[in-house]
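Chemist: Would you mind keeping the following structure in view while I ask a few things?
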Amino acid sequence: MMSAPLRRALDRLSRQLAPGELVTDDSTLKKFSGDKWFAVARPDAAALATSTESVSKILAFAHEHRIPVTPRGAGYGYVGGCVPVQGGIVLSVEKMNRILEVNDRDFVAVVQPGVITATLQKAAEKKRLFYPPDPASRADCSLGGNIATNAGGPRCLKYGVTRDYVLGLEVVLMDGTVTRLGGRAHKNKTGFDLHRLFVGSEGMLGIVTEATLKLLPLPPYRALLGVGFDSMRACTRAIREIFKAGFLPCALEMADQFTLAAARKRTGSNRLEGANAMLFVELDGQERSVRGELKDLEKLVKPLKPVFIDRASGAAEVEKLWGLRREFSYSLRDTGLTKLNEDIVVPRGKLEELVAFAEALQKKHGLPVACFGHAGDGNIHVNVMVDFTQPGAKERSEAALDELFRQIVAWGGAVTGEHGIGLAKKTWWPLAADESVRALHQTVKNALDPQRLLNPGKFLG
């Protein structure tokens with residue numbers, strides 16, 4: 001129940017904004033109560049900002065009246081990062097969705113935070129330009145959310161993650177101050193690299209209202225090799241051989257037996273038949289060189305006795321084969337089990353150990369564990385599959401996750417590579433970051449948001 005003082009304060013804020021920018025109807029508040037994770041919390045109001053000025057007014061008012069504010073992009077996060085656990089205002093930027101510029105001379109795009117990632121990619125490609133970061137949800141997730149979580153995707157092996165493409169940001173701080181950081185030059189060493197401080201900050205330091213993003217020339221040709229193996233051991237060996245031979249693929253993805261079985265059932269595709277593990281290797285560049293490298297890759301993997309080798313050449317065929325890879329997450333959901341998707345990262349040389357550890361985890365806790373993802377940079381989605389109707393399932397899943405994260409940290413890995421900490425991994429934040437690192441985070445937070453009003457209740461409290 002909203003308190004009377006808060007209700008009066010929100011009424012005053014509503015009068016300062018354009019009609020429809022502050023709403024309290026049940027359907028909107030329900031929509032903005034969670035993301036793709038399990039937690040939900042109802043906000044007291046939703047602010048549907050339409051401009052930087054609106055965001056500034058909302059934050060300044062919230063700062064003055066000590067009202068919590070939870071930033072929200074498209075709501076496609078997987079860790080509860082935009083769940084308003086302390087109520088207050090959810091500040092959505094989904095209506096700030098204009099591409100302001102795609103410049104083929106400066107190789108930059110200037111966008112508002114609500115622009116959908118795939119929308120920018122298509123606009124860039126029309127000018128023969130390329131925005132590489134490609135999270136699996138790129139057709140639905142927003143660039144503001146990508147910046148907040150430093151999103152990655154398959155292509156980050158060769159091209160890097162969102163952080164590597166952020167040249168400049170317009171950010172509104174918690175007190176309403178509007179600041180512009182960085183710029184549109186591709187190199188800039190003027191003071192601290194402050195714009196990148198906000199990349200991956202999970203909405204706890206400020207709200208991005210405009211981003212200047214680096215673009216690249218669009219590679220004119222793409223090809224993809226889908227290689228099935230009878231074991232994960234052969235699959236991980238193939239990865240080693242590919243790097244050892246000097247290849248740097250655009251993307252290098254793998255999937256295990258459980259994932260492939262689920263994908264076969266969902267898609268009905270016979271392209272996956274007979275494989276207990278699979279590797280996707282994408283190459284891009286000039287057509288002649290890509291075709292030559294594709295042939296060399298086939299020669300490289302054939303001694304490992306693959307079950308099949310599936311080839312795709314040209315953008316249309318490549319996207320068709322990638323379509324199978326993009327079904328993996330949905331296929332696991334179709335099993336009827338709850339998918340606890342952990343985007344852990346291990347040093348690249350630990351891939352084989354990770355696969356063996358996941359198999360041991362499955363046997364020890366009696367829970368299926370499905371592994372797929374970005375093998376090229378060690379960012380594997382380890383999915384603990386749980387039937388929560390079974391007695392003791394919750395406790396066994398929590399024990400499995402705790403064991404997984406502890407091993408990942410012991411190997412020098414990371415508990416999250418692209419989804420963030422949010423609520424889902426809050427328990428393991430002290431494990432992932434030592435006391436000095438946690439204290440430094442708190443120092444930065446206190447400097448920018450001393451009242452701790454911006455996205456409260458997450459890993460910084």
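The values are calculated or read from the model by the stated rules, or taken from the named source; none is laboratory data. Here the structure is a predicted model, which means the values were calculated and not measured. Virtual Cβ from ideal backbone geometry, glycine too; neighbours counted across all protein chains shown.
Chemist: What are the pairs with Cβ atoms under 8 angstrom where one residue, in segment 1-23, is acidic (Asp, Glu) and the other, located anywhere, is part of a helix (DSSP H, G or I)? Sequence gap at least six, or different chains.
Modeler: Cβ pairs passing all conditions: GLU21/SER14; GLU21/SER54.
Chemist: Which fully enclosed helices (runs of 4 or more DSSP H) of segment 1-95 have 2 or more residues being in contact with a strand residue (DSSP E or B) (Cβ under 8 Å, 6 or more places away or on another chain), surrounded by 19 or more Cβ atoms within 10 Å (Cβ to Cβ) and not assigned by TED's automatic domain parsing to the domain that holds GLU170?
Modeler: Values: elements: 4-16, 26-31, 52-65.
It comes to 4-16, 52-65.
Chemist: Among the listed residues ALA148, ALA211, identify the single one that is outside the structural domain of ASP377 (by TED's automatic domain parsing), under 16 Å from the mean Cα position of the chain (by Cα), within 25 Å of SER54 (Cβ to Cβ) and buried (at least 24 other Cβ atoms within 10 Å of the Cβ).
Modeler: From the options ALA148, ALA211, the qualifying one is ALA148.
Chemist: Which residue pairs have Cβ atoms closer than 7 Å, lie 6 or more positions apart in sequence or on different chains, and pair a first residue in segment 400-411 that is assigned by TED's automatic domain parsing to the domain that holds HIS365 with a second residue that is assigned to a helix (DSSP H, G or I) and buried (at least 16 other Cβ atoms within 10 Å of the Cβ)?
Modeler: If the second residue must be assigned to a helix (DSSP H, G or I) and buried (at least 16 other Cβ atoms within 10 Å of the Cβ), the pairs left are ALA400/LEU361; ALA400/HIS365; GLU403/LEU361; LEU404/LEU361; PHE405/TRP428; GLN407/PHE357; VAL409/ALA432; TRP411/LYS350.
Chemist: Determine, yes or no, whether THR259 is part of a helix (DSSP H, G or I) and surrounded by 23 or more Cβ atoms within 10 Å (Cβ to Cβ).
Modeler: Yes; evaluated as a whole, the condition is true for this residue.
Chemist: Residues that are within 11 Å of the chain's Cα centre (by Cα), more than 24 Å from ALA41 (Cα to Cα) and either of a type outside the set (Gly, Ala, Ser) or modelled with pLDDT of 95 or more (or both): does segment 122-134 have at least one?
Modeler: Initial filter on segment 122-134 (within 11 Å of the chain's Cα centre (by Cα)): 133-134.
When the remaining residues are screened for being more than 24 Å from ALA41 (Cα to Cα), the result is 133-134.
Going one step further and asking which of them are either of a type outside the set (Gly, Ala, Ser) or modelled with pLDDT of 95 or more (or both), we end up with 133-134.
Scanning segment 122-134 turns up at least one residue that is within 11 Å of the chain's Cα centre (by Cα), more than 24 Å from ALA41 (Cα to Cα) and either of a type outside the set (Gly, Ala, Ser) or modelled with pLDDT of 95 or more (or both).
Chemist: Condition first: in a loop (DSSP other than H, G, I, E, B) and more than 26 Å from the chain's Cα centre (by Cα). Now tell me which residues in segment 214-242 satisfy that. Step through it out loud before you land on a result.
Modeler: At the first step, the residues of segment 214-242 found to be in a loop (DSSP other than H, G, I, E, B) are 215, 218-220, 230-231.
Within segment 214-242, PRO220, ASP230, SER231 meet the criteria.
Chemist: Same structure again: If LYS30 satisfies every condition in (1) more than 21 Å from GLU210 (Cβ to Cβ); (2) at pLDDT below 95 but one, which is the exception?
Modeler: (2)
Chemist: So, one more: Looking at LEU453, LEU448, LEU460, which one is within 23 Å of ILE344 (Cα to Cα), outside the structural domain of ILE344 (by TED's automatic domain parsing) and over 19 Å from the mean Cα position of the chain (by Cα)? Show your work before the answer.
Modeler: Details: LEU453 fails: within 23 Å of ILE344 (Cα to Cα); LEU448 fails: within 23 Å of ILE344 (Cα to Cα).
Of the residues listed, the single one that is within 23 Å of ILE344 (Cα to Cα), outside the structural domain of ILE344 (by TED's automatic domain parsing) and over 19 Å from the mean Cα position of the chain (by Cα) is LEU460.
Chemist: Do we have LEU167 as over 30 Å from MET254 (Cα atoms), within 22 Å of the chain's Cα centre (by Cα) and among the hydrophobic types (A, V, I, L, M, F, W, C) here? I'd like the intermediate steps shown before the answer.
Modeler: Values: over 30 Å from MET254 (Cα atoms): yes; within 22 Å of the chain's Cα centre (by Cα): yes; among the hydrophobic types (A, V, I, L, M, F, W, C): yes.
Taking the combined requirement at face value, the residue satisfies it.
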